[in-house]
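Q: Structure in structure tokens, see below.
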Amino acid sequence: MIAAIASSDILLDSVSGSDLLNPFAWLMAILQAFLFVLLSPLLSGWIHKCKAFLQNRRGAPVLQPYRDLRKLFGKEAIVAETTSIIFRIAPYIVFSSTLLAVAVIPLVATMLPTAAIADIIVLIGFLALGRFFLVLAGLDAGTAFGGMGSSRETMISSMAEPAALMAIFILAMTVHTTNLAAAIELSLQNGFVIRPSFLFALIALLMVAVAETGRIPIDNPSTHLELTMIHEAMLLEYSGRHLALMEWSASLKLMLYGVLISNIFFPWGIATELTVPAILMALLAIILKLFVLAMILALSETVLAKMRVFRAPQYLNLAFFLALLGMISHLVLEVHV
Amino acid sequence: MDKAPITDHTNSAATNVVTQNDASDNWIDALKNQIGSGRITEQPDSDKLACIHWKVAANSWEIVAKEAHALNARWAAGWADHQLDHSGEVVIDQFSLFVLFVIRGRYVLVETQLENTQDDSLPEIASHSAFYPGASRCERHTSDMFGICFNKLDKSIDSRRWTRHQAWKEDEYPLRHGFPLEGHPRHRTPADGEYPFERIDGISVYEIPVGPIHAGVIEPGHFRFSAAGEDIIQLEQHLAYVHKGIEKLAVGRDPAALARLAGRVSGDSTVAHGWAACQAMESAAEIEIPERASALRGLLCERERVANHLGDIGAICNDVGFAFAHIQFGRLRELWQRRSQQLFKHRFMMDNVIPGGVVHDISEENATLLNSEISALIEHVSQLANILEDNASLMDRLVTTGYLSEQTARRFGALGYVARASGMDDDVRLHKPYPPYQDNPLNCPLLEQGDVASRLKIRVQEVVASLQFQRKLLRNLPEGPISMAFEAPVNTHGLGILEGWRGEIVTYVRFDHEGKIARFYPRDPSWFNWPCLQQIVKNNIVPDFPVCNKSVNGSYSGVDL
């Protein structure tokens, strides 16, 4: 155990020490964030395709989300007269805060200077910032639906965030760092070890991810029923480039959670050195992981109906409780004093 | 919890067919005794209308409703008619008011006359809505269209405008004689923002206005929710945004043109409304259409039922995010409608029912084809229904959601699957069978839970029952012509009562002295099912409204008229 702590300290030093000054690492970080932005609509398209397939439909092409975004960017953005400046700046804030959040997450390589600057708590903070403005924007137009969406979003996120943090703390306690890159490298070093605490954390984080990204059974991203909406209700007044940015942020967030879960719990394949074959290998690995994860999501969305809004707290409480169990099992089973 | 004496009465009646009929027959005698036979003038056209027809004086109007209510009769329809005749020595300028009561297929039509006041004041009559809350909207419609006041002084009676928005002025009454078909349109119809909704005051109670324009492609209707948090305290509907003037458009038409118009009262019930109008005209003309024509009408109407139920089952599931069922049932419905397109030249089978019969015959070959399709569909639907019932996540959403007690269903006169899912076994096909249902008894499912899940299940069962009925019908299609010449009768009226896919449809038709239509009133089941929805959503949460709404699926067009 002491050795592990020692090694993690060394690792941390190496991350924060060398990489911050490494221009290639910075290039890699920027490239990685760019890749995130570029690939996230593809992930949404793939989920749609899987769902269509499971419903015996042909479905829209996988590239459809890109076409939708292009269409929306080409359209005029109509802004309600009753709105304030918040409504207009919210899409940019939401998009950039999500962008900052994804920049912290190791997608293909762990040597991220961004990850050294901002740890996982900051990541949750970035997401919270985006949500804060999303909720404000929902309220801004003064329509009943926007207000309902905002209130529901607040209710759900207030329960999802503690569960997410709790799950992540399990990880942090095991590797003794809240630095994501370091955590991933450490799990790689340790090799494949089944930890009961990780299993709990995985389930909790999956549940939180579903809630946070507005998927079934918490929210239905494809509904047209304004009274049942959560995330979409806040976007009802948006159009044109504003809507495009909001939609893009949503798919970015979906991919963020996908990558977070794949790389924390199944880190194999991620590049620990900045060489071309390693990075190509890592790219292939993450695409494969997301590919599978999306299929699992599509399957669960096909077999599940949306729950009642007031079941959502129970659902998130379960996620929190699982994370708590994970924490306890970590303390009981995995810490040798 | 809702075992009122009403339910005991009907349940015991349901156990024995013989007593049931006796009891139903007796109810009319009992009503007559209660009202006092001195007040009633029996009309000679009871045979023609296929129901008892009484005339009473206007001052007995209230007691009729009171006594019928005491006997637990259902208020099935109410409408008015304006007669203006300058030809005779005495100018006739009067309104007739009609109300139809029923217990288990035994209908009584009560009529009264109201003189039109020659000054600016409006004729007045007692309202039935104190006894029958479901009657309220029909009366408000009559009031808007004819300018007849129902209990003007009684503040407890809802006398707000209903069908009237801003398209015509406060003192104009479109269905009175003399009002032109095109009306007096203003350059631009003012926005209808002043409708006095009922308000609920209190801490943290807020209003959610929804519609008339919705996010989905559906008809316009306004829903005003009063909610505390996510809990619905009250829902009030405001409809009639697409008033088409059906009743006015009908005036002066010939029978064939009326049948076409009736087919457009509500597009998803085009066969049922077309048939009801034809049935009314045929009863007025006192003709019986060929057997094969009735059988084919039955087939069309049942095909319509199946198509709509299939669509609804999928849509209910889709409203709780279960898209699988939506796609699967949507596929079955699409295939079904394509077959309708092929055999009857229209996906919804519009304009297939004409006075005197039907338009398209069905060949021996096609009957066999339909039969094999029906067997396959029964198989498919049963399989899919099993998947739905086995899905815990779906059933968790639907069971107990949107509960309608039998008592409330009876109070508001619920019809069709809404009534039958709440333990009210009203079905015209069963209790007042008309051809082709007379010869082919129908399996009529009944459930008692009254929630969204029941309204889903009853649809599945009705689809299967309807398919079995169609199979029987197709195997024994009578030979003969599919239509007969229809000669319009003069100065008479007729009544059409049948079971459309939403429930009982009542249609009244009056011919003038030239054999043209003088009055056409189609009463869609949605007149009663919409108010039921207001009761259903109470104590549910706002996001559950769409699924409750879809489980009732009232027709906007059918009540906007």
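Q: I need a count of the residues in the range B:500-538 that are over 25 Å from B:Val251 (Cα atoms) and within 11 Å of the chain's Cα centre (by Cα).
A: Initial filter on the range B:500-538 (over 25 Å from B:Val251 (Cα atoms)): B:501-503, B:528-538.
After this cut, where a residue has to be within 11 Å of the chain's Cα centre (by Cα) as well, the list is B:501-503, B:528-530.
Result for the range B:500-538: 6.
Q: When the residues of the range A:50-73 are narrowed to those that are free of Cβ contacts under 8 Å to residues at least 60 places away in the same chain and away from chain B (no Cβ under 14 Å), which ends up nearest to A:Val104 (Cα to Cα)?
A: Among them, the one singled out is A:Tyr66.
Q: Within the range A:213-226, does at least one residue satisfy the condition of being at pLDDT 85 or above and part of a helix (DSSP H, G or I)?
A: No, the range A:213-226 has no match at all.
Q: Report every pair of residues separated by at least 6 positions or lying on different chains whose Cβ atoms are under 7 Å apart, first residue within the range B:538-556 and more than 13 Å from chain A (Cβ to nearest Cβ) and farther than 10 Å from B:Gly402 by Cα, second surrounded by 23 or more Cβ atoms within 10 Å (Cβ to Cβ) and small (Gly, Ala, Ser).
A: Sorted first by the residue in the range B:538-556, then by its partner, the pairs are B:Gly554/B:Ser526; B:Ser555/B:Ser266; B:Ser555/B:Ser269; B:Ser555/B:Ser526.
Q: Right, another one. Restricting to the range B:259-275, give me the number of residues that are within 16 Å of B:Arg305 (Cα to Cα) and of a type outside the set (Val, Ile, Thr).
A: Looking only at that region, the number is 9.
Q: Within the range B:81-99, work out how many residues are aliphatic (A, V, I, L, M), in contact (Cβ under 8 Å) with a residue 12 or more places away in the chain and surrounded by fewer than 23 Cβ atoms within 10 Å (Cβ to Cβ).
A: 1
Q: So, one more: Run A:Leu235 past the list (1) within 14 Å of chain B (Cβ to nearest Cβ); (2) under 18 Å from A:Ile170 (Cα atoms) and report the number of the one that doesn't hold.
A: Exception for A:Leu235: condition (2).
Q: Run down B:Ser422, B:Ser454, B:Ser382 and say which single residue is under 19 Å from the mean Cα position of the chain (by Cα) and modelled with pLDDT of 90 or more.
A: Going through B:Ser422, B:Ser454, B:Ser382 in turn, the sole match is B:Ser422.
Q: Residues in the range B:29-41: is at least one closer than 20 Å to B:Asp425 by Cα, among the β-branched types (Val, Ile, Thr) and assigned to a helix (DSSP H, G or I)?
A: For the range B:29-41, residues closer than 20 Å to B:Asp425 by Cα, among the β-branched types (Val, Ile, Thr) and assigned to a helix (DSSP H, G or I): absent.
Q: Taking B:Leu370, is it over 15 Å from B:Leu456 (Cα atoms), within 14 Å of chain A (Cβ to nearest Cβ) and not in a loop (DSSP other than H, G, I, E, B)? Outline the logic, then answer.
A: Values: over 15 Å from B:Leu456 (Cα atoms): yes; within 14 Å of chain A (Cβ to nearest Cβ): no; not in a loop (DSSP other than H, G, I, E, B): yes.
No.
Q: Going through the range A:286-323 one residue at a time, which ones are away from chain B (no Cβ under 14 Å) and buried (at least 19 other Cβ atoms within 10 Å of the Cβ)?
A: Hits for the range A:286-323 are A:Ile286, A:Lys289, A:Leu290, A:Leu293, A:Ala294, A:Leu316, A:Ala319, A:Phe320, A:Leu322, A:Ala323.
Q: Would you mind stating whether A:Ala90 is of a type outside the set (Asp, Glu), surrounded by 21 or more Cβ atoms within 10 Å (Cβ to Cβ), more than 14 Å from chain B (Cβ to nearest Cβ) and closer than 30 Å to A:Gly191 by Cα? Talk me through it step by step, then tell me what you get.
A: Values: of a type outside the set (Asp, Glu): yes; surrounded by 21 or more Cβ atoms within 10 Å (Cβ to Cβ): yes; more than 14 Å from chain B (Cβ to nearest Cβ): yes; closer than 30 Å to A:Gly191 by Cα: no.
The answer is no for A:Ala90.
Q: Something else now. Within the range A:233-254, can one find any residue that is more than 30 Å from A:Ala137 (Cα to Cα) and not aromatic (Phe, Trp, Tyr)? Explain how you work it out, then say what you get.
A: We begin by selecting, within the range A:233-254, every residue more than 30 Å from A:Ala137 (Cα to Cα); these are none.
So far as the range A:233-254 goes, no, none of its residues is more than 30 Å from A:Ala137 (Cα to Cα) and not aromatic (Phe, Trp, Tyr).
Q: If you don't mind, another one. Can B:Phe344 be described as surrounded by 22 or more Cβ atoms within 10 Å (Cβ to Cβ), within 14 Å of chain A (Cβ to nearest Cβ), free of Cβ contacts under 8 Å to residues at least 60 places away in the same chain and not polar (S, T, N, Q)?
A: No; evaluated as a whole, the condition is false for this residue.
Q: Pick out the one residue from B:Arg410, B:Arg429, B:Arg455 that is more than 27 Å from B:Lys48 (Cα to Cα) and touching a strand residue (DSSP E or B) at 6+ places or on another chain (Cβ under 9 Å).
A: B:Arg410
Q: Right, next: So, B:Gly211, is that one without any contact (Cβ under 8 Å) to a residue 60 or more places away in the chain and either within 25 Å of B:Met145 (Cα to Cα) or among the acidic types (Asp, Glu) (or both) or not?
A: The answer is yes for B:Gly211.
Q: Determine which single condition B:Ala392 fails, assuming it passes every other condition in (1) in contact with a Lys or Arg (Cβ under 9 Å, 6 or more places away or on another chain); (2) within 14 Å of chain A (Cβ to nearest Cβ).
A: (1)
Q: Does at least one position in the range B:486-497 carry a residue that is buried (at least 21 other Cβ atoms within 10 Å of the Cβ), touching a strand residue (DSSP E or B) at 6+ places or on another chain (Cβ under 7 Å) and within 30 Å of B:Gly216 (Cα to Cα)?
A: no
Q: Could you say which residue among A:Leu123, A:Leu72 is hydrophobic (A, V, I, L, M, F, W, C) and within 23 Å of A:Leu283 (Cβ to Cβ)? I'd like the intermediate steps shown before the answer.
A: Working: A:Leu72 fails: within 23 Å of A:Leu283 (Cβ to Cβ).
Answer to the selection: A:Leu123.
Q: Next question. Please tell me if B:Gly402 is at positive phi and away from every other protein chain (no Cβ under 14 Å).
A: Against the criterion (at positive phi and away from every other protein chain (no Cβ under 14 Å)), B:Gly402 does not qualify.
Q: Same structure, new question: Filter the range A:120-154 down to the residues that are within 19 Å of A:Ala323 (Cβ to Cβ) and surrounded by fewer than 20 Cβ atoms within 10 Å (Cβ to Cβ), then identify the one that is nearest to the other protein chains (Cβ to nearest Cβ).
A: By that ranking, first place goes to A:Ala128.
Q: Could I ask something else about it? Being part of a loop (DSSP other than H, G, I, E, B) and crowded, with 23+ Cβ neighbours inside 10 Å, is that true of even one residue in the range A:196-210?
A: No, because not a single residue in the range A:196-210 is part of a loop (DSSP other than H, G, I, E, B) and crowded, with 23+ Cβ neighbours inside 10 Å.
Q: Which ones in the range A:192-222 are at the interface with another protein chain (Cβ under 9 Å from one of its Cβ atoms) and within 18 Å of A:Leu134 (Cβ to Cβ)?
A: Across the range A:192-222, the qualifying residues are A:Asp219, A:Asn220.
Q: Another one. Out of all the residues in the range B:198-205, is one or more under 30 Å from B:Ser121 (Cβ atoms), at pLDDT below 90 and away from every other protein chain (no Cβ under 14 Å)?
A: Yes, the range B:198-205 has at least one match.
Q: Also, I was wondering about something else. Determine which member of the set B:Trp75, B:Trp54 is touching a Lys or Arg at 6+ places or on another chain (Cβ under 9 Å) and buried (at least 20 other Cβ atoms within 10 Å of the Cβ).
A: Working: B:Trp75 fails: touching a Lys or Arg at 6+ places or on another chain (Cβ under 9 Å).
Of B:Trp75, B:Trp54, the one residue that is touching a Lys or Arg at 6+ places or on another chain (Cβ under 9 Å) and buried (at least 20 other Cβ atoms within 10 Å of the Cβ) is B:Trp54.
The values are calculated or read from the model by the stated rules, or taken from the named source; none is laboratory data. Keep in mind that this is a model prediction, so the values were computed, not measured. Glycine gets a Cβ as well: all are built from the backbone with ideal geometry, and neighbour counts include every protein chain shown.
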